[in-house]
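One structure is given here, and the rest of the page talks about it.
The values are calculated or read from the model by the stated rules, or taken from the named source; none is laboratory data. This one's a predicted model, so the numbers in the text were calculated from it and none came from an experiment. Every residue, glycine among them, receives a Cβ derived from its backbone with ideal geometry; neighbour counts consider all protein chains shown. In case anyone asks, the SASA skips ligands and DNA or RNA and just uses the protein heavy atoms, side chains included. Shrake-Rupley method; radii C 1.70, N 1.55, O 1.52, S 1.80 Å.
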Amino acid sequence: MSAPDFLALCRPGMVLKTRDRRDARILAVDAAGGVIRGEVQMMGPCAWLGDGRYKDAPAGASGPWDLMPPQPAERAAAERPRESLARALRRGDGNPGCCD
């Protein structure tokens, strides 16, 4: 299995996780320079290489601040259509709040 291409995957505003499970908000993607810029919760501004490795890692080694690709469940939730509860109630297709 090959490493994900984060340069193609990342978009400004997208939130990924780091290996240590912190939120990493993507701010910019420089495909020509091969760098992804973002901000990590409780850490501040960061940059990653196209394969998701933290740019300033000692000797380029993998570590806790590397980006993790989104999990399939996260992708599905992001693509799921959304509708307000008020609109669903007006539609008249039964009770949208019911779990049956």
Accessible surface ranking that places the most exposed of Trp65, Trp48 first, with a 1.4 angstrom probe
Trp65, Trp48
Checked the stretch 1-63 against the a/c 1.5 cut and the a/b vs b/c comparison, axes a ≥ b ≥ c from its Cα gyration tensor; verdict rounded
Under a 1.4 Å probe, counting only protein heavy atoms, Leu7 has an accessible area in Å², nearest 10, of 40
Distance in nm between label sites at Leu89 and Gln71, each 7 Å beyond Cα in the beta-carbon direction?
3.3
Could you check the spin-label model distance between Met42 and Arg21? Points 7 Å from the Cα along Cα→Cβ, value in nm.
1.1
